[in-house]
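Down below is the structure, laid out as structure tokens.
The values are calculated or read from the model by the stated rules, or taken from the named source; none is laboratory data. Since the structure is predicted, the reported quantities are computational estimates derived from the model, not experimental observations. Every residue, glycine among them, receives a Cβ derived from its backbone with ideal geometry; neighbour counts consider all protein chains shown.
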Amino acid sequence: MSRHWCLRWIPASNFFIVPVVLAATVVIQTTVPTRAQPFILWQTETIPRTCTEIIPVSLEAAGRDRLFWKNKTELRVRFINGSQALREQVRTYASVWNQYSGLPFVFVEGGVSEIRVSFLPDGTTWSYIGNAAQNVAQDVPTMNFGWFDEHTTGPVEFRRVILHEFGHALGLIHEHQSPAAAINWNKIAVYQYYFDHFGWSHNKVNENIFKKYATALTQFTTYDPTSIMHYPIPPEFTNDNSHVDWNSSLSAQDKQFVRHIYP
Ligand SMILES: [Zn+2]
């Protein structure tokens, strides 16, 4: 398996679980008053964290169509654990995709399922990409939400993260790594940020942020900075002060694309 890291979000309320994140937030918040044009990323209660998409190397090399589900009329989703309140959040927002996809998510209480959701509170959120989940044993999760808290996580956070992860489950990959993306990265700033806050090496940043997917893996021909599958990018990360906000809803292209692959 090759692992592809992506940005995800941990609410500030979870900082007692991940102390390093608290430290990062303090640094970030001290910079806010000096910004002439504050960016949403730094003004929220959350900061970007990493997640893992899981794509078998063989499928990645073969092209992204291989990641789409074939010969299915529905995708069964079963919970491994989690409270009823958390499960309800997942049901609610995952089902938003069903309005546009001909391959609906259907929640089941037992038996075989294509997708299995866990809420293991380890601070990591991740998903297998598309049908890569087929290679996972039935008692093992294919998607985890590692920082949801039914008492403190807000509705926008639930919506953003659940829509994003279930996008991965449908076979969608990260929009900012699309070959069509033309982001004028301030690489020095990005390297510094990820080293300071997450200890990432240059290689890890290259692999997970700057590297573009092969054309065969492209989600769509037109780059879509409003996609639910895009990272937020603060203006400090670019040379031209361009930025991408925290997308928390499906974009028009997200809807169009899922209609296209699952008519
Ligand atoms: Zn992701």
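For the reader, a short list of remarks on this structure follows.
- Residues satisfying the stated conditions in the stretch 143-180, i.e. among the aromatic types (Phe, Trp, Tyr) and away from the ligand (no atom under 16 Å from the Cβ): none
- For the stretch 62-107, filtering for residues that are in contact with a Pro (Cβ under 6 Å, 6 or more places away or on another chain) and under 18 Å from GLY146 (Cβ atoms) leaves 1.
To keep it simple, each residue is scored yes or no on (1) assigned to a strand (DSSP E or B); (2) outside the structural domain of ARG159 (by TED's automatic domain parsing); (3) within 16 Å of the ligand (Cβ to nearest atom).
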residue: TYR93; (1), (2), (3): no, no, yes
residue: VAL96; (1), (2), (3): no, no, no
residue: SER101; (1), (2), (3): no, no, no
residue: ARG116; (1), (2), (3): yes, no, no
residue: GLY123; (1), (2), (3): no, no, yes
residue: TRP126; (1), (2), (3): yes, no, yes
residue: ALA133; (1), (2), (3): no, no, yes
residue: ALA137; (1), (2), (3): no, no, no
residue: PRO141; (1), (2), (3): no, no, yes
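Listed here are the residues, each with its yes/no results for (1) surrounded by fewer than 20 Cβ atoms within 10 Å (Cβ to Cβ); (2) touching a His at 6+ places or on another chain (Cβ under 6 Å); (3) under 30 Å from PHE79 (Cβ atoms); (4) aliphatic (A, V, I, L, M).
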{"residue": "THR142", "(1), (2), (3), (4)": "no, no, yes, no"}
{"residue": "TRP147", "(1), (2), (3), (4)": "no, no, yes, no"}
{"residue": "GLU157", "(1), (2), (3), (4)": "no, no, yes, no"}
{"residue": "ARG160", "(1), (2), (3), (4)": "no, no, yes, no"}
{"residue": "LEU163", "(1), (2), (3), (4)": "no, no, yes, yes"}
{"residue": "LEU170", "(1), (2), (3), (4)": "no, no, yes, yes"}
{"residue": "PRO179", "(1), (2), (3), (4)": "yes, no, no, no"}
{"residue": "ALA182", "(1), (2), (3), (4)": "yes, no, no, yes"}
{"residue": "LYS187", "(1), (2), (3), (4)": "yes, no, no, no"}
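- Close contacts from the stretch 164-190, counting a first residue that is under 16 Å from SER248 (Cβ atoms) and free of Cβ contacts under 8 Å to residues at least 12 places away in the same chain and a second that is among the basic types (Lys, Arg) and surrounded by fewer than 24 Cβ atoms within 10 Å (Cβ to Cβ), with Cβ to Cβ under 8 Å and a gap of 6+ residues or different chains, come to none at all.
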